[in-house]
Amino acid sequence: MGQKVSPHGLRVGINKNWDSRWFAGKDKIASFIKEDHEVRKFLAKQLNQADLSKVEIERVGDKLKLNIFTAKPGMVIGKGGQGIEELKVAVEKFTGKNVFINIEEIKNPDADAQLVAVKIAQSLERRIAFRRAMKQAMQRTMRTRGVKGIKVATSGRLGGAEMARTEGYAEGVVPLHTLRADIDYGFAEADTTYGKLGVKVWICKGEILKDRNGEKRDLDSLMGVKDDKKKKRRNNNGEFNPNRKRNFNNERKQGNRTQGRNQDR
């Protein structure tokens, strides 16, 4: 099931948090969920040029707090804070609540799955070959520090073909079934002359667990990396190298030859 469900939803409560954080009675749950969807849809339309990754929503009474994660905070804030003030007034107008906006900068856009998916979709809309768009995005992501692996899938009428299909590539390690793995997931759509193309991106940033204080820590730091075999599979920079594997067949053949020589003696 790890290949089918959303990696974010599967890990909520383990190493992921809810994007909407509030409590409400049964009579308000449906209206709040709809309002959250409308707010995110409105912000995505208004900030389509600001590399918007996600929006976290918190509610306390009649107050609404929006945590906006973007790679271009300057475009959201505007000159002298004018942009963020206009955005606040617009959201307050159709929600009727006091809105507080907090801007969070994404320092590594190439390591954010949603932004990578959007970039691939934009490349497809510019009529760039889908294989080239996917491979270029994967190369940029794998060069980013902290990224262990990436998986990309594009579906639809690829190249204008009459029959829709899905093609994808993967590099590094992306363990979707490992719940302690930090998997970032993004989805975007490209509007082409042949119809819509869907783009899905999975990015693995290692394995993490939470300590007693609830803070995320790298799995190796918690375990101390005492396994000598795991140390051998690391490169000079200390990063895990999944491609460096032992050839057990050759070792077995070599061991049999040595054993045969000893018996002959």
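Just so you know, all these numbers are worked out from the coordinates, no wet-lab data involved. Note that the coordinates shown come from a computational prediction; the quantities given were computed from them, not determined experimentally. Cβ sites come from the backbone with ideal geometry, for glycine too, and all protein chains shown count toward neighbours.
Loop-only check: which trypsin sites (Lys or Arg not before Pro) in the range 59-126 are DSSP coil with at most 11 other Cβ within 10 angstrom?
107, 126
Using 1/(1 + (r/R0)^6) with R0 = 51 angstrom and r between the beta carbons of residue 95 and residue 164, what's the FRET efficiency to the nearest 0.05?
0.85
I'd like the per residue volume of the convex hull spanned by the Cα atoms of the range 129-190, given in cubic angstrom.
Roughly 91 Å³ of hull volume per residue.
Which links in 88/200; 65/107; 72/205; 63/205 stretch past 29 Å when you go from one Cα to the other? Please report the intermediate quantities before stating the final value.
On the way: 88/200 31 Å; 65/107 22 Å; 72/205 22 Å; 63/205 34 Å.
Listed pairs above 29 Å: 88/200; 63/205.
Order these peptides, 182-193, 164-175, by their mean beta-carbon neighbour count within 10 angstrom, highest first.
182-193, 164-175
Please state, to two decimals, what the Cα-based radius of gyration of the range 109-224 comes to when divided by 2.2 N^0.38 Å (N = residues).
It is 1.20.
Can you tell me the relative contact order of the range 109-224? Whole percent, Cα pairs under 8 Å, sequence separation 6 or more.
Answer for the range 109-224 is 29 percent.
How large is the dipole of the range 109-224 about the Cα centre if only Lys and Arg carry +1 and Asp and Glu carry -1, each at its Cβ, rounded to the nearest 20 debye?
Result for the range 109-224 is approximately 260 debye, rounded to the nearest 20.
Quick one: Debye curve from the alpha-carbon atoms of the range 25-127 only, equal weights, vacuum; give me log10 I(q)/I(0) at q = 0.11, 0.15 Å⁻¹ to two decimals.
Here log10 of I(q) over I(0) equals -0.37, -0.66.
Which order do 18, 202 fall in if you start with the one that has the fewest other Cβ atoms within 10 Å?
So the ranking, lowest neighbour count to highest, is 18, 202.
Test of understanding: ordering 142, 163 by Cβ neighbours within 10 Å, fewest first, what list do you get?
Ascending Cβ contact count within 10 Å gives the list 163, 142.
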